[in-house]
Structure formats: C-alpha cells, structure tokens
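Have a look at the structure below, then the notes.
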2 protein chains.
Amino acid sequence: MLRTHTCGELKDADVGKKVSLCGWVHSRRDHGKLIFIDLRDRDGLTQIVFIPKVNAELHKVASELRAEYVILVKGTVGNRPQGTVNNKIPTGAVEVAAEELTILNPANTPPFEITDEIKTQEELRLKYRYLDLRRPSLQKNFKIKHKVYTAIRNHLNAQNFIECETPILTKSTPEGARDYLVPSRLSPGKFFALPQSPQLFKQLLMVAGFERYYQIARCFRDEDLRADRQPEFTQLDIEMSFIDAEDIFSLIENLMKVVVKDVLNIDLEIPFKRISHDEAIKKYGSDKPDTRQDKDKELLNFLWVIDFPLFKYDEEEKRWDMEHHPFTSPKPNDIKELDKSLGDIKANSYDLVLNGSEIASGSIRIHTKEMQEKIFKAIGMDKAETKKRFGFLLDAFDYGAPPHGGIAFGLDRLTAIFIKSETIRDVIAFPKTQKASCPMTDAPSNATEKQLKELHIKIR
Amino acid sequence: MLRTHTCGELKDADVGKKVSLCGWVHSRRDHGKLIFIDLRDRDGLTQIVFIPKVNAELHKVASELRAEYVILVKGTVGNRPQGTVNNKIPTGAVEVAAEELTILNPANTPPFEITDEIKTQEELRLKYRYLDLRRPSLQKNFKIKHKVYTAIRNHLNAQNFIECETPILTKSTPEGARDYLVPSRLSPGKFFALPQSPQLFKQLLMVAGFERYYQIARCFRDEDLRADRQPEFTQLDIEMSFIDAEDIFSLIENLMKVVVKDVLNIDLEIPFKRISHDEAIKKYGSDKPDTRQDKDKELLNFLWVIDFPLFKYDEEEKRWDMEHHPFTSPKPNDIKELDKSLGDIKANSYDLVLNGSEIASGSIRIHTKEMQEKIFKAIGMDKAETKKRFGFLLDAFDYGAPPHGGIAFGLDRLTAIFIKSETIRDVIAFPKTQKASCPMTDAPSNATEKQLKELHIKIR
C-alpha cells in the first residue's frame, strides 16, 4: 500500500503522526511563499502545505503541480493555524506539512472542469467519462447504487433466496422490444438473442425446484432511445413458487422498507396503497399515477397498481395482444376465465409505481400447458409457431411445474429516483448515447472481413 | 403462501399441529391399505400418510399420484410408529396424516430418473435441464455457488470495495480469444463486441478515482470448446489503486480464507506459498503445478505463481507477443526496464493456482502513456492501430491515472473445485454444449429476414 491513510480520515487525534497520502491534486493555492494543495481521493480532501524554508527543493516541485496530477506525499500531521480551520470538511482542522513529494503521474489540463457546478455538454462528458466520473455527485451516485444492491442482496439472502445466473447468449423472449442478435460461428446462419429479461429462465428455475430465486441481471432491448432508456440496463429479477400475489406485495414492501432505510435513512410506511388499473385511469388518466400531491409532496410515494386487463386490443394489427407478457395468468388462475370476452379478463399482475414512474412489474404466472396454449391462441399464435418459440416451456409445464409468480425491478430507475436524477445515465458507469453508441470507446465499430467470414455474415 | 411449513422442518415438537405442505411427489409406496408419499421441496422430504378408513375418497386420489406430481397437502403432524423412524433425514421422526389433497399440477413420466445414482446422457440432461436441476447434487451445487458469491461480496464490501457494472455491449478487448459480435441497428455496418473481460473498464474506473472496485461479471469468449469451457462464464473482477502486488496477495489470501471457511468450513493456512514461473517449469514442467502430493493430498492447495516473463515469442507469427495481456507492467514498473532483451523482462503479474488449476490471474498495470505505447510497439502494433483500438485508454493515462493493479477469478472453476466436480457445467444453471448450443431452448436459432435487414447484415 503506497499510503498510510486516506484523504478523508485525518483528525485532531492524528496530529504529530508521520503519514503517507496518495491522490489527485484538487486545487493549488500559492499564499505568499506557502503552497497549499488540496489532495483528493475517494474518501475526501486533505490540505497539504509546502513550506520553502523547510525544503526549498520540494517547494519548487510543488510549484509545478497542476490540477489532477497524481501524487504521493509524506509528511507530518499538524493543526491548522487559528482562523484557518475549515468546518465544512471532516479533515478541516488539520493539514499535512510535506516532507517528501512524488509525482506518480502528471495530467494534461482536463477538457472540462471536474466539478458539479458547471454544466458540460453530455457528448463531451461521455467521451471523457473517466473524468466525468470523478465529479463528487457521480462518485456519490455509485456509492448509493452499491448500497442499494447490497441492501437488496442482504435482505433477500436472509429470506432464503438463491441468487442464480441465467444465460446472456440465449433465445428471444417476447417482452415487446427488438432483440439484439449475436451471430453464431459454430452454427452457420443462426443467432443468439440477448435477453430482454430472464423471464423464461426464472420460470424454468421454478420448475427446477429453486422456489426462491433472485438475480441482479443485465437485460438488453434494441429500442429507439427516445425516452430515458439504455440498450442495456439492470433488473432485480425475483421469482417464487407456491405463493400468491399477497406474498409478493409483502416481500417487496419489506424489501423497499429496508432498502430505503439503509440507503436514505427514511422510514417508509408499509403496506403501500393499492389502486386498480380502472381507478388509476379514471382518477389520474394514467396507469402510473404520481399521487404525491395527495400527501404533501412526500419524498417517496410507492403505489401498487393492480387489476390490469390481461389483454389489449391492437388497433393497427387488428388483433388482441397481451397487456404484459404472455406468461401472465388471468385472475383467477382458472381456465374457465378465458371463456369471457377477452377485454373483460383481468390479469393477476401488479405494477409498483414510485413517484409516477413504473419501477417494478410482475405477475402470478401461468403454470399449466393447457392455459398457456389457450393464451398463445388468444393472441393469434398458431400451434407451429408456439411450439417453435416456446415448446421447451410448454414441455416443462408437463413435468411438474409449481404455481409461481414474481416481479422485476428497474434498478437504474430506482437508484435515479433515490438520487433525484432525471436520467438513468447518472447511475450507469459507461452509458450509451441516444444513438446507442459510446463516444469514449467508439463502440460500435467496424469488424474485419475475417471476423465476418467466420460468423457467416456479410454487411448489406 | 400456500404452505405453513417446508418439507424440511417438521420435528417432534410439531406433533399435533395442523400443517399445509407443498412440493413434488418424490416417491409413493403402497403398504397394505396405507399409501405413503415422500413429499419433496427445496428444503427436504416429509412423509405423508393416507389412511383409507380416515378418508376413502382422499385415499383414492392419492392412489393416482405419480412421481413429480405437484401437490398441496393439509394434515396433522404425528409421530411415526415405533420401528419406522428414519434417522437419515431431519424429518424422519414424524409424518403427516393427510386430511386434504390438491393436485396443483400433474406430471408426465420424466425422460430420466431424478436421482444422482443413475448416469444420464448429457445431451438429454441439458434438453430437460429443469428436471436435471432437481437432482440433489445440482440443487446443492447452486446453494454452494450462492454461498461463494455471498461470502465474496460480504468480505469485499467490508473492505470498502464498490461493486460497479461495466458494459456488455462494448468494444473488443484483447484477451486472446475471439469476440462475440453484435450488429448495430442504429450504426449500419458496425458491431459491438461482448467483453472477454471488463479489463479496460476497470482500469478506467481507477482513472475515474473509484480506487477499490469489484464486480461479479459475465465474460464471453468465442472459442472452440475442446476443454471444459463455456461461451459465457463468470469472473470475479477486482481492481485497486495506489497498491503493489503484496496488497493483492494479502487481499486475496484473506478473501479465500473467509470464503473457504464460510462455504466448506475448512481453515486455510495463509499466506499461500509462492513459486516463480521459472521454478514451476523446472520442477513441475507446468506453470500451474499441482503440488498436493507434497502435502499429503491436502484438499485445497493454493499456490501463487509469480515472476512470469512479460513477453513470449510466437514462433508461428515470428514475433513477440504478451504472456498475459498488453496492460501488464514490467517488473519494476520502469520504462528503462524495456531496454532489456524482451525475453529477459519479467512481468509484475501473478497467477493463483488451486490444485493444479489456474483460478485467478492478475497484474500491476501500466499506468503511463509512454510505457503503454512502448509495449504496444514491442508486440508489433503500429501507431495507427494502437490509436484506433486503444486511443481512449492512452488518452485516459494522460489525465491523471493512478498506479493500479488487480486480479480476476474464474468463479465457475473455483466453485467446481469446491464441489469436486470435473466440469463447470455442473455449476452453471443453463450451460451450452461443446458446440455452443442449448438443447433446451434450441439457441442459437434462425433470425427473420426482417431482423437481418434491420441489422444491415445478410447470411453468406
């Protein structure tokens, strides 16, 4: 370890200690003959002072330091002179009188100032994302996202959930968006799809007897990024067997209570209110109403929206389609339910809305082959297509599939709301632009003819 | 919740209680007029008894139960008659006298018996993976993998590491294997690469000031799967700033000690032994020697292999290449080092070997532009190519890159060794065959002409 302490931890009690600190030159101030450096690392800022009469040579090197130089400083901790104590930072009572200085790496002048105060054009921020990420607000965002993930995992682990990974190179799942495809080298002319969600795999894990599954899973949707969307995003994916919707409500309410307490130190009131889809539309004109005005602008307002219709009529294609995905069960989960007119059937599904954003969505699933086939038929899928696309799921239902249900959270959105950001790009380390490209790495980029040939494809 | 208890928890103390249990019919035995069902769930087995004189109708339904039927049973817990207690299972002293029985889902006869005793052809196991995963050994494997992940995260979180996700849709990184490519719809003729490792991103996170990063990351390599490899696998990826190799050794030794204790309840001796690459080759003829015979077959024998050469001569291509990847620093991390004959330069890198398998590999990285450019030049990469492929990394080194280093673990392999399995397929829920295909979902599969057109590609 090159250092003895971080830049955030020295206090009065450390006065007199010989210390080594590493970090970035945050700022340099020349006061008469003294040079002051604010040295920054992940943990905080410490003031370093260079005194010419103590070491003239060192003072000269210090005068060459510029913003964002990476340095190693050895010296002795002292009290700051009276009147110069800075109460705004935890190390504000002390400073380090430098005795040795090593420039670990010099730095060019950054293309923008590393501060939260100045707005920089987003394309430039993304091109130099490694500098953008040094800003205090972004540093904080990723610490918060880490806390969100940790709180979720701790809670679910304690509830006997098993974290299990599902494939990224897989087959198309119908979540309503375009798939990203990956050409196969070993199966000429064939393609993997990147998962829009682990939906089918988590259901198969229930058939496999896992009973309580979760995964913080990467998902992929090749959409036009009009809204605040990203080609890849992260989902908390949960599935349980032998349960009903009330078990999901209770699990998620307790989970959110713990997460919000751990991360934001706010006490959430549970259970959350529920509103039917009909009532939400009638009263708010939205299936994800922001009901905060009813509660004097309470910071976090969670709301369950339930009793969605199972089907919706697609006017363009002149046929019925699912409101959610085709694995959602009707309410009650009974084959006779499907004798009703399709528009009248309610789904056993639920959305969780936070401050007007849909942050989670789930359902009790279909678990019998008979019901699943009826649903596919209702949305106009013929037997051959059903078998080709979902034959393995229908087969699985024939070998002892338990009743099961689950939910999936958009963790980028949830974290963005926690930090009061408008965009999920603020909680994704290396996001893409609206054109699904990365200005830093220049991805996507050209492939070589040799690569394309091996993959049995060519460019149109 | 459909049940009051799991099938693994009923004991003497529960005798007399009314309970509801859910699960799979593990076996049915007809003894005279009594029917015994072993009911199985994730947690264990409970014996259910159906007595005709108590309820003749129920007894008739019970006689129709077959293996793997999913049922809900309500009844009263009682002591098993003397002489019939089964000490091999935790619930072996009790049984549940059935009062209600619901068949939640019937089951066809499985294509193979769900037991660890019978060997089944792997292709069939993978086609019906949801049944294969019900086997006790596989159920156990995934509980162990979950424990490995949990122990790792708990330890690294306590050491102030930040878990951070890096992109899956990205640009090629040179780890020596073929990339999987993803055609871009919005950038015609261009492609994303799936990451062979998060190497460049974790280095950029160090430039960004994250200081201590980890991620349990999915990685992708399009290799011929001769050996026990998978197209996608999971890596524990770690990177730290302001450290040297000794810090990595100490971090990883403590991490392994905690993980092995938590998961296997074995006390590991640390520090691990170290052997130089030269000595390993001379003494064992291998750079990942299995040194267990020296230690009376100790179960887990960790060994650091250090002082690798930085370069290796590629006889086929008649040029020098890297022994590891081109971001590995020479030892010492000094530009003058590169004036030596290339074959004589040692790398500041380290492999961790467990029982003869390389389970982790890492290095102290290059962090200056000058050194990185010299390395690229040494392996024959010209300035234009260097700039095109790695310009963003070289740029980053110009804006205050801290000294940094890290390591990456193959978690599938580590878990496979823990459970004494020969193949990582036993610790991956939905693995691919040697031909990189999935017999269950039939991935990879055909794409539609519309999809290919949108992606600006066609099949050769």
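Local charge sum around B:Glu449 (other residues, Cβ-Cβ under 12 Å, Lys/Arg +1, Asp/Glu -1)? Spelling it out: positives minus negatives among the neighbours equals +3. Projecting the alpha carbon convex hull of region B:12-105 along each direction and taking the average yields 5.7 nm². When A:Asp334, A:Asp12 are compared by accessible area of protein heavy atoms, the largest-first order is A:Asp12, A:Asp334, using a 1.4 Å probe.
May I ask you to work out the translational diffusion coefficient for chain B at 10 °C, viscosity 1.306 mPa s, via Stokes-Einstein with Rh from the Kirkwood sum over Cα pairs, reported in whole µm²/s? Result for D is 61 µm²/s. Take each residue of peptide B:388-400, count the partner chain Cβ atoms within 10 Å of its Cβ, and average: the result is 6. Taking the protein heavy atoms of the protein assembly as shown in the context of the full set of protein chains, the accessible area attributed to carbon and sulfur is 48 percent at 1.4 Å.
Expressed as a whole number of Å, what is the distance separating the alpha-carbon centroids of region B:381-402 and region A:383-460? Cα centroid to Cα centroid, the span is 29 Å. The residues of region B:158-303 expose on average 36 square angstrom of accessible surface per residue, using a 1.4 Å probe on protein heavy atoms. Starting from the label point of B:Lys88 at 7 Å along Cα→Cβ, the same points in the other copies fall at 7.2 nm, in ascending order.
Contact order, relative form, for region A:12-105: 33 percent (alpha carbon pairs under 8 Å, 6 or more residues apart, mean separation divided by residue count). For A:Ile266, inter-copy separations between label points set 7 Å beyond Cα along the Cβ vector come to 4.8 nm, shortest first. Considered as an equivalent ellipsoid built on the Cα gyration tensor, the protein assembly as shown has semi-axes of 51, 32, 30 Å, the largest given first. Using a 1.4 angstrom probe on protein heavy atoms only, the contact between B and A buries about 11000 square angstrom of accessible area, both sides summed. Considering only beta bridges that DSSP places wholly inside region A:134-428, some 90 percent are antiparallel. Helical content alone sets the calculated 222 nm signal of chain A at -7500 deg cm²/dmol, taking -39,500 (n - 2.57) per DSSP H segment of four or more residues and averaging over every residue.
Using C-alpha pairs below 8 Å separated by at least 6 residues, the relative contact order for chain B is 12 percent. How much accessible surface does B:Arg319 have with a 1.4 Å probe, in Å² rounded to 10? So the heavy atoms of B:Arg319 present about 80 Å² to solvent. Within region A:178-227, the residues that become at least 50 Å² less accessible when every protein chain is included than when their own chain is isolated (1.4 Å probe; DNA, RNA and ligands ignored) are A:Arg178, A:Tyr180, A:Leu181, A:Arg185, A:Leu186, A:Lys190, A:Phe191, A:Phe192, A:Ala208, A:Phe210, A:Glu211, A:Arg218. Summing Lys and Arg as +1 and Asp and Glu as -1 over all other residues whose Cβ lies under 15 Å from the Cβ of B:Ala396 gives a net charge of +2. Show log10 I(q)/I(0) for region B:319-460 at q = 0.12, 0.14, 0.18 Å⁻¹, two decimals, from a solvent-free Debye sum over equal Cα scatterers. For region B:319-460, the Cα-only Debye profile gives -0.79, -0.91, -1.00. May I ask which of A:Lys143/A:Lys297; A:Lys127/B:Lys202; B:Lys318/B:Lys435; A:Lys282/A:Lys331 have a Cα-Cα span longer than 23 Å here? In this structure, A:Lys143/A:Lys297; B:Lys318/B:Lys435 exceed 23 Å between Cα atoms.
For chain B, a crude dipole built from +1 on the beta carbon of Lys and Arg and -1 on the beta carbon of Asp and Glu, taken about the Cα centre, is about 1400 debye to the nearest 20. Remark: accessible surface ordering of A:Ile459, A:Ile252 (largest first) is A:Ile459, A:Ile252, probe radius 1.4 Å. If you take the Cα centroid of region B:249-276 and the Cα centroid of region B:124-178, the two points sit 20 Å apart. Buried on complex formation within region A:149-176 (loss of at least 30 square angstrom of accessible surface versus the isolated chain, 1.4 Å probe, ligands and nucleic acids ignored): A:Tyr149, A:Arg153, A:Asn157, A:Ile162, A:Glu163, A:Glu165, A:Pro167, A:Ile168, A:Leu169, A:Lys171. Database remark: amide H of A:Gly44 closer than 5 angstrom to the amide H of A:Cys7, A:Gly8 (H placed geometrically; neighbours at sequence offset of 5 or more, or on other chains; Pro and chain starts carry no H). Sequentially through region A:154-159, phi angles give Karplus couplings (6.51, -1.76, 1.60; θ = phi - 60°) of 4, 5, 5, 4, 5, 8 Hz, Gly and Pro residues having no value and appearing as x.
Applying a DSSP loop filter and a limit of 10 other Cβ atoms within 10 Å to the chymotrypsin sites (Phe, Trp or Tyr not before Pro) in region B:221-326 leaves nothing.
Shape analysis of region B:135-231 based on the Cα gyration tensor places the equivalent ellipsoid semi-axes at 27, 23, 12 Å, largest first.
Determine the residues within region A:411-433 where the difference in accessible area between the chain on its own and the full set of protein chains amounts to at least 20 Å²; count protein heavy atoms only and use a 1.4 Å probe. Buried-area filter returns A:Ala429, A:Phe430, A:Lys432. 3J(HN,Hα) along region A:343-351, derived from phi through the Karplus expression 6.51 cos²θ - 1.76 cosθ + 1.60 where θ = phi - 60°, amounts to x, 8, 7, 8, 9, 8, 10, 7, 10 Hz, with x in place of Gly and Pro.
Placing A:Val19, A:Val85, A:Val54 in order of accessible area, with the largest value first and a 1.4 Å probe, yields A:Val54, A:Val85, A:Val19.
In the complete set of protein chains, residue-level accessible area for A:Lys297 is approximately 150 Å², probe 1.4 angstrom. Residues whose amide H comes within less than 5 Å of that of A:Lys312, counting only those at least five positions distant or on another chain, are A:Asp321, A:Met322, A:Glu323 (H built at 1.01 Å from N in the peptide plane). Each copy carries B:Lys435; placing its label point 7 Å along the C-beta direction from Cα gives inter-copy distances of 4.1 nm, listed from smallest up. Evaluating 6.51 cos²θ - 1.76 cosθ + 1.60 at θ = phi - 60° for every residue in region A:369-380, the Karplus couplings come out as 5, 4, 5, 5, 5, 4, 5, 4, 5, 4, 9, x Hz, glycine and proline recorded as x.
Net charge near A:Gln82: determine it from the other residues with C-beta under 14 Å of the C-beta of A:Gln82, scoring Lys and Arg +1 and Asp and Glu -1. Summing Lys and Arg as +1 and Asp and Glu as -1 gives -1.
The values are calculated or read from the model by the stated rules, or taken from the named source; none is laboratory data. Here the structure is a predicted model, which is why all the values come from computation and not from measurement. When we count neighbours, we look across all protein chains shown, and the Cβ atoms used for this are built from the backbone with ideal geometry, even at glycine. To get the accessible areas, we keep the full protein, side chains included, count just its heavy atoms, and leave off ligands, DNA and RNA. Shrake-Rupley method; radii C 1.70, N 1.55, O 1.52, S 1.80 Å.
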